[in-house]
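Asker: Right, I'll just put the structure down here and ask away after.
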Amino acid sequence: MTLFPRVLPQPTITLGIMGLWMVLAPSASLGNLLLAVILGVSIPWITRSFWPDRPYLARPLTGIVLFVRVVGDIIVASWEVARLVVGPLDRLKPAFIDVPIEIDDPFVATLLASIVSLTPGTVSVDIDRAAGILNVHALNVADEAEMIAAIKRRYEAPLKRVFGC
Amino acid sequence: MIVDIVISLLILVGATFALVGSIGLARLPDFFTRLHGPTKATTLGVGSVVIASLIHSGAATGGVSLRELAISLFLFITAPVSAHLLAKAALKTRANRSAKP
Amino acid sequence: MLNFVIPVALAMLAIAMGLNLLRLVKGPSTPDRILALDTLTINTIAVVMLIGITASSAAYFEAALLIAMMGFIGTVALCKFLLGGDIIE
């Protein structure tokens, strides 16, 4: 088991590279599989010193629930944006909002920022991890406190549970 | 036949969302509101056109082809990243402009 | 059915790309233009995929993937340039 992290420092990325190679390869031949294994093992090994410590996936099931919810929210978000864009513009109330976040891990914080960018009416602009603030631009703010609470409840709390932090 | 209807629906919905995203880009008043259209609507629109293509090639060959899924996934991973960088760049250029007399 | 739907979708995408071009020319700021270029590439992917469906050829897939990658890298490089004046730190 001590050999495992030395030879395969990033098992998820190894699997990702192998999967992607097999999907993109024109045929699923033995040669391509061999090449996928070689690339999947060598690329994470060569770049190992650049990877930050990945957080531990504590609850994969909650992760799947969150993933489904985010996919649903992306569709709702696009519908919402579509309505706002086609409708009258003078009713829009765009604003910058500071959302206080309690996530220290850079990877999880990036994940949260990406989810916020893809979901209803918000794009993340800046993360200040030292101060614990995620600066968000919202297209139409009806109730600022409610919006902050929604981001924290729908995405931050499940993310913290998934990665156990 | 059903496959054809599903593909057509996905293509039409996708093209509509792509168009709406671009309308937002052309119509909204300032940069940060413009950022919303392309990051969400256009990404979803093009994603669904790509998935339509996936179903089409899967139905044509009789097998499952996941190659198009790679494009969709790539678009959904990169859209927030470029939106974030664009927002940062816009904040910086705005700060530079207001710093000048 | 597809013979009818694909030209309609292509027309919608053409209008979308025209609007992107309008924003690209009008600006007013540089980030606006970069955003317009980024949206233009994303719409191009949709056009290439639709042409791929009509032609029933797998070759268009590679083109779309390449456009997606080049578009993203171009956007990141341009934003980096605006942020620091340097693309590689």
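Asker: Mind pulling up the Rg/Rh value for the protein assembly as shown? Radius of gyration and Kirkwood radius, both on Cα. Before the final figure, lay out the partial values.
Answerer: On the way: Rg = 20.9 Å, Rh = 21.6 Å.
Rg/Rh for the protein assembly as shown comes to 0.97.
Asker: What is the fewest-to-most order of B:GLU68, A:GLU80 by other Cβ atoms lying within 10 Å of their Cβ? Mind showing how you got there, number by number?
Answerer: Values: B:GLU68 26, A:GLU80 19.
The order, fewest Cβ neighbours first, is A:GLU80, B:GLU68.
Asker: Separate question: What nm distance separates the two modelled labels at A:GLU102 and B:ARG27, each placed 7 Å from Cα along Cα→Cβ?
Answerer: Going by the 7 Å Cα→Cβ label model, 4.1 nm.
Asker: Which net charge results for the neighbourhood of B:SER22, defined as the other residues with beta-carbon distances under 12 angstrom from its beta-carbon, given Lys and Arg at +1 and Asp and Glu at -1?
Answerer: Numbers: positive: B:ARG27, B:ARG34, C:ARG23; negative: C:ASP38.
For residues surrounding B:SER22, the net value is +2.
Asker: Another one. Going by how many other Cβ atoms sit within 10 Å of their own, how do C:GLU62, A:GLU156 line up, fewest first? Please list the in-between numbers first.
Answerer: Numbers: C:GLU62 13, A:GLU156 21.
Placing the least packed residue first, the sequence is C:GLU62, A:GLU156.
Asker: As a check on your grasp of the helix formula, calculate [θ] at 222 nm for chain A: sum -39500 (n - 2.57) over DSSP H runs of n ≥ 4, divide by the residue count, round to the nearest 500. Let's see the in-between values first.
Answerer: Values: 7 runs with 91 residues, N = 165.
Here the helix-only value at 222 nm equals -17500 deg cm²/dmol.
Asker: Express the relative contact order of chain A as a whole percentage, based on alpha carbon pairs under 8 Å and six or more residues apart in sequence.
Answerer: Numbers: 177 pairs, mean separation 40.1, N = 165.
Value for chain A: 24 percent.
Asker: Moving on to the next point. Given points 7 Å out from each Cα along the Cα-Cβ axis, report the A:SER42 to A:VAL65 separation in nanometres with one decimal.
Answerer: For A:SER42 paired with A:VAL65, the spin-label model returns 4.3 nm.
Asker: Could you tell me how far the Cα centroid of region A:64-99 sits from the Cα centroid of region A:100-149, in Å?
Answerer: Between the Cα centre of region A:100-149 and that of region A:64-99, the gap is 13 Å.
Asker: Please state, rounded to one decimal and in Å, the Kirkwood hydrodynamic radius that region A:60-163 gives when every pair of distinct Cα atoms enters the mean of 1/r.
Answerer: Working: mean 1/r = 0.0707 Å⁻¹.
Averaging 1/r across every pair of different Cα atoms and inverting gives 14.1 Å.
Asker: Could you tell me how many degrees, from 0 to 90 and to the nearest 10, lie between the Cα long axis of helix A:30-46 and the main elongation axis, the longest principal axis, of the Cα atoms of chain A?
Answerer: 70
Asker: If you average the sequence gap of Cα pairs under 8 Å that are 6 or more apart and divide by the length of region A:3-50, what percent do you get for the contact order?
Answerer: Working: 35 pairs, mean separation 23.9, N = 48.
Relative contact order, region A:3-50: 50 percent.
Asker: At each listed q (0.13, 0.17, 0.24, 0.25 Å⁻¹), what is the log10 of I(q)/I(0) that the Debye formula gives for region C:2-84 modelled as equal alpha-carbon point scatterers?
Answerer: Taking Cα atoms of region C:2-84 as identical point scatterers yields -0.48, -0.74, -1.10, -1.14.
Asker: Give me the angle, in degrees from 0 to 90, between the Cα long axis of helix A:11-24 and the longest principal axis of the Cα atoms of chain A, rounded to the nearest 10.
Answerer: Roughly 90 degrees between the two axes.
Asker: By the scheme Lys and Arg +1, Asp and Glu -1, what is the net charge of all other residues having a beta-carbon under 15 Å from that of B:SER57? Provide the component values of the computation, followed by the final result.
Answerer: Details: positive: B:ARG67; negative: B:ASP4, B:GLU68, C:GLU62.
Value of the local net charge: -2.
Asker: A further question follows. First measure r as the distance between the Cβ atoms of A:ASP143 and A:SER27, then evaluate 1/(1 + (r/R0)^6) with R0 = 56 Å and state the FRET efficiency to the nearest 0.05. Please list the in-between numbers first.
Answerer: Details: r = 55 Å, r/R0 = 0.99.
Approximately 0.50, to the nearest 0.05.
Asker: Angle between the Cα long axis of helix C:59-84 and the longest principal axis of chain C, 0 to 90 degrees, nearest 10?
Answerer: Helix C:59-84 sits at roughly 20 degrees to that axis.
Asker: Taking other Cβ within 10 Å of each residue's Cβ, how do A:ASP128, A:ASP98 sort, fewest first? Let's see the in-between values first.
Answerer: On the way: A:ASP128 11, A:ASP98 15.
Ranking A:ASP128, A:ASP98 by Cβ neighbours within 10 Å, fewest first, gives A:ASP128, A:ASP98.
Asker: Over the Cα atoms of region A:3-50, compute the convex hull volume and normalise it per residue, giving Å³. All intermediate terms of the calculation are to be shown ahead of the outcome.
Answerer: Values: hull volume 3.2 nm³, N = 48.
Hull volume over Cα atoms, normalised by residue count, gives 66 Å³.
Asker: Cα extents of region B:40-94 along the three principal axes, largest first, in whole Å?
Answerer: For region B:40-94, the Cα extents along the three principal axes come out at 53, 16, 10 Å.
Asker: Can you list the equivalent-ellipsoid semi-axes of chain B, largest first and in whole Å, using the square root of 5 times each Cα gyration tensor eigenvalue? Show your work: numbers first, answer last.
Answerer: Working: eigenvalues 265, 46, 6 Å².
Taking √(5λ) for each Cα gyration eigenvalue gives 36, 15, 5 Å.
Every number here is computed from the coordinates shown, using simple stated rules; none is lab data. Fair warning: this is a prediction, and the values are worked out from it, not measured in the lab. Using ideal geometry, Cβ is built from the backbone for each residue, glycine included, and neighbour counts are taken over all protein chains shown.
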